[in-house]
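Peer 1: Below is one structure. I have some questions about it.
Every number in this text was worked out from the coordinates using simple rules, so none of it is lab data. All figures in this text were calculated on a predicted structure; none of them were measured in a lab. Please note: Cβ atoms are built from the backbone with ideal geometry, for glycine as well, and neighbour counts cover all protein chains shown.
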Amino acid sequence: MHIDATHGTNNAKFLLTTIIVMDRHMNGVPVAFFVHSRGTTRIVRDCLTALLKAAREVQPDFEFGSVGCDAAMEEITAIRETMSGVPIFLCAWHVKRAWLSNLTSTVADADKRTEIWRALDELMRLNVQLPTSHSKEDLAKLCTDVLERFYSEFSEQAAFITYFKKEWAGKVEVWAQL
């Protein structure tokens with residue numbers, strides 16, 4: 001399942017939240033739309049609860065395998081409250097947009113920004129560095145090692161590293177393609 005909301009697309013400032021699931025041919029199919037005035041956790045949670053209730057009327061043991069969303073904390077919190085234990089993955093485009101926005105405002109040197117950007121892209125694709133069969137411990141160690149190298153390599157960019165540690169380092173499992 002993927003959840004995304006539009007913002008600022010109408011005069012009333014209402015949001016349109018769309019729920020998309022993959023069919024058996026891996027095509028995205030919109031299955032629900034919610035129109036609401038605010039993107040609060042409560043509203044998103046109520047929408048997800050209604051969706052799950054409807055799905056479970058058809059299939060009582062229905063569960064989502066994973067959920068994708070942008071980086072909106074209201075959505076993430078609502079997903080965690082509604083679907084405890086379901087893996088959440090952030091949209092790579094939204095993550096990279098947030099990184100680039102901060103990178104552009106905190107790193108003046110264009111060549112250094114490019115170097116950091118390439119390193120961030122490699123961070124996002126951590127799974128490429130793992131053997132086919134790996135344990136959670138292997139993954140945790142790899143993440144720690146790669147992040148420490150990243151921090152060390154770009155330590156002179158303190159503002160960006162501080163931002164990255166605060167906003168992204170603690171949730172590698174939702175933005176890295178593991």
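Peer 1: Considering amide H positions built from the backbone, and no H for Pro or chain starts, which residues 5 or more places from V31, or on another chain, come under 5 Å of its amide H?
Peer 2: It is I19, I20, V21, by chain and number.
Peer 1: Give me the distance in nm between label points sitting 7 Å out from Cα along the Cα-to-Cβ direction at S84 and A169, one decimal.
Peer 2: 3.1
Peer 1: A 19 angstrom limit on the alpha carbon distance is what I want to check against. Which of K13/K96; K96/K165; K112/K171; K13/K166 exceed it? Let's see the in-between values first.
Peer 2: Numbers: K13/K96 26 Å; K96/K165 15 Å; K112/K171 25 Å; K13/K166 31 Å.
Distance filter (> 19 Å) returns K13/K96; K112/K171; K13/K166.
Peer 1: Let me ask something else. For the chain, modelled as a GNM with alpha-carbon contacts under 10 angstrom, which of P60, P30, P87 fluctuates the most?
Peer 2: Most flexible of the set in this elastic network: P60.
Peer 1: Restricting to the chain, what percent of DSSP beta bridges are antiparallel, rounded to 5?
Peer 2: Restricted to the chain, the bridges split so that about 70 percent are antiparallel.
Peer 1: If you average the alpha carbon positions of the range 138-178 and of the range 93-122, how far apart do those two centres end up, in angstrom?
Peer 2: The distance from the Cα centre of the range 138-178 to that of the range 93-122 comes to 13 Å.
Peer 1: Here is a further query. What is the local net charge at D4, summed over the other residues whose Cβ is closer than 15 Å to its Cβ (Lys, Arg +1; Asp, Glu -1)?
Peer 2: Details: positive: R97; negative: D70, E74, E75.
Surrounding charge for D4 is -2.
Peer 1: Hey, another quick one. Put a dot 7 Å past each Cα toward the Cβ at K96 and K136; how far apart are the dots in nm?
Peer 2: 3.0
Peer 1: Here's a follow-up. Mean separation of Cα pairs under 8 Å and 6+ residues apart, divided by the residue count of the chain: what relative contact order is that in percent?
Peer 2: On the way: 187 pairs, mean separation 29.2, N = 178.
Worked out over the chain, it gives 16 percent.
Peer 1: Which order, highest average first, do 66-78, 2-14, 94-106 follow once you tally other Cβ atoms within 10 Å for each residue and take the mean per peptide?
Peer 2: Numbers: 66-78: 17.8, 2-14: 12.6, 94-106: 15.9.
The packing order, highest mean first, is 66-78, 94-106, 2-14.
Peer 1: Right, next: Local charge sum around Y151 (other residues, Cβ-Cβ under 12 Å, Lys/Arg +1, Asp/Glu -1)? Kindly include the intermediate steps, with their values, before the conclusion.
Peer 2: Values: positive: R149, K165; negative: D145, E148, E153, E156.
Every neighbour counted, the sum reads -2.
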